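The values are calculated or read from the model by the stated rules, or taken from the named source; none is laboratory data. Not measured: the values here are computed from a predicted model. We place every Cβ from the backbone using ideal geometry, glycine too, and count neighbours over all the protein chains shown.
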Amino acid sequence: MSTPASNPILIQPVPAPAQGESGFLASAFTPRALGIALGMVACLALAGEAWAQLTVGGERPGILATLWKWTPLILLGPPREFGGFALNILVSFLAMAIGTVSGLALGLGLISKFAPVRSVSWAITQFFRNSPWLVLLFFVMLLTPFQMRIGGVTIPFPAWFKATIGLALPIMANIAEIVRGAVNSIPTGQWESAESLAFSRLQTLWRIILPQCVKRMIPPWMNWYAILTMATPLISIVGVNDAMTLTQDALASEQRTELLMPMYGMLLLFFFVYCYPIARWTIRLERKYAVRN
């Protein structure tokens, strides 16, 4: 009696789990999201163009021609004067730099071994973290002088710089919380090992703890920069010649209601194109630097 041949066992490889997006371009722009956003803006512009042609005929320039005419002003400001969307980006850079440096010092104060330093740092952090950004802007604009004389030298404080300080205050408080959380996330064994090697607390912070915190702080730091950039149109309320102010000036000059949606849509597109890559890159860095137990 013949023994039936055993059936071969086929082992198929299990597909590896998807690792998500990789590479800066892939993480910055996904075709679907970017296509949807640009398609919506194009539909709004074309719909406005059609409506303008139906209502006013050929007496006035079309929507697209008007948008093209005002784009250099909204992006770069008036001739021989810095402003527009470029000023929004400059304010975001300076406010983030000032907020990061001061927030690092404030965050280290939150973990200080001295109770008075911790109490003062906690009070400052909670006050600026839980205050409305627009109220802080008015607070700084009204209480800060337009110029200061030091040793016979006059130092001017233009409106955009005072607005930068006003935006840096809440960023400082939130960066302080990021620093505190990152330091507390380091295992206590790191501190104990450094203490056994006769490291001082300051040496432990700068040589062992903070270098490990950098990777943990980068994703939330970038996220707060994107939030700050999207909040910079608030400075238009306090008289700064930014993109929002120039868009309103362009609308007032044209006196055409059909331009409201296209003009504000174009301004929205500027911020989206700038902030969306930051948001996507933040997601990629969160995956890359995720703490794995």
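See the values below:
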quantity: Residue within segment 159-172 that is of a type in the set (Phe, Trp, Tyr) and surrounded by 13 or more Cβ atoms within 10 Å (Cβ to Cβ) present; calculated: yes
quantity: Elements of type helices (runs of 4 or more DSSP H) in segment 160-251, at least 3 residues being under 22 Å from the mean Cα position of the chain (by Cα) and within 29 Å of Pro277 (Cβ to Cβ); calculated: 210-231
quantity: Which listed residue is surrounded by 17 or more Cβ atoms within 10 Å (Cβ to Cβ), assigned by TED's automatic domain parsing to the domain that holds Pro61 and touching a residue at least 24 places away in the same chain (Cβ under 8 Å), from Leu210, Leu246, Leu205; calculated: Leu246
quantity: Hey, Glu195 surrounded by 15 or more Cβ atoms within 10 Å (Cβ to Cβ), acidic (Asp, Glu) and farther than 18 Å from Val91 by Cβ or not; calculated: no
quantity: Answer from Ser92, Ser121 - the residue that is more than 30 Å from Arg201 (Cα to Cα) and assigned to a helix (DSSP H, G or I); calculated: Ser92
quantity: Unique residue being more than 19 Å from Gln248 (Cβ to Cβ) and surrounded by 13 or more Cβ atoms within 10 Å (Cβ to Cβ) when the list is Leu73, Leu108, Leu142, Leu67; calculated: Leu108
quantity: Selection within segment 111-139 - surrounded by 19 or more Cβ atoms within 10 Å (Cβ to Cβ) and within 17 Å of Arg180 (Cα to Cα); calculated: Ser121, Thr125, Phe128
quantity: Members of segment 120-159 that are more than 15 Å from Val238 (Cα to Cα), over 23 Å from the mean Cα position of the chain (by Cα) and either at pLDDT below 90 or polar (S, T, N, Q) (or both); calculated: Ser121, Gln147, Met148, Arg149, Ile150, Gly151, Gly152, Val153, Thr154, Ile155, Pro156
quantity: Conditions (1) without any contact (Cβ under 8 Å) to a residue 60 or more places away in the chain; (2) closer than 20 Å to Trp160 by Cα; (3) touching a helix residue (DSSP H, G or I) at 6+ places or on another chain (Cβ under 7 Å): number failed by Ala279; calculated: (2)
quantity: Residue list for segment 66-89, restricted to those being among the aromatic types (Phe, Trp, Tyr) and part of a helix (DSSP H, G or I); calculated: Trp68, Trp70, Phe85
quantity: Qualifying residue in segment 280-293 (condition: surrounded by 17 or more Cβ atoms within 10 Å (Cβ to Cβ), in the same structural domain as Ala65 (by TED's automatic domain parsing), more than 24 Å from Pro78 (Cβ to Cβ) and in contact with a Gly (Cβ under 9 Å, 6 or more places away or on another chain)); calculated: yes
quantity: Subset of segment 141-193 [of a type in the set (Val, Ile, Thr) and without any contact (Cβ under 8 Å) to a residue 60 or more places away in the chain]; calculated: Thr144, Ile150, Val153, Thr154, Ile155, Ile186, Thr188
quantity: So Gly109, is it touching a Lys or Arg at 6+ places or on another chain (Cβ under 8 Å) and assigned by TED's automatic domain parsing to the domain that holds Ser236; calculated: yes
quantity: Close pairs from segment 66-92: first outside the structural domain of Thr164 (by TED's automatic domain parsing), partner among the aromatic types (Phe, Trp, Tyr) and exposed (fewer than 15 other Cβ atoms within 10 Å of the Cβ), Cβ under 9 Å, at least 6 apart; calculated: Leu76/Phe82
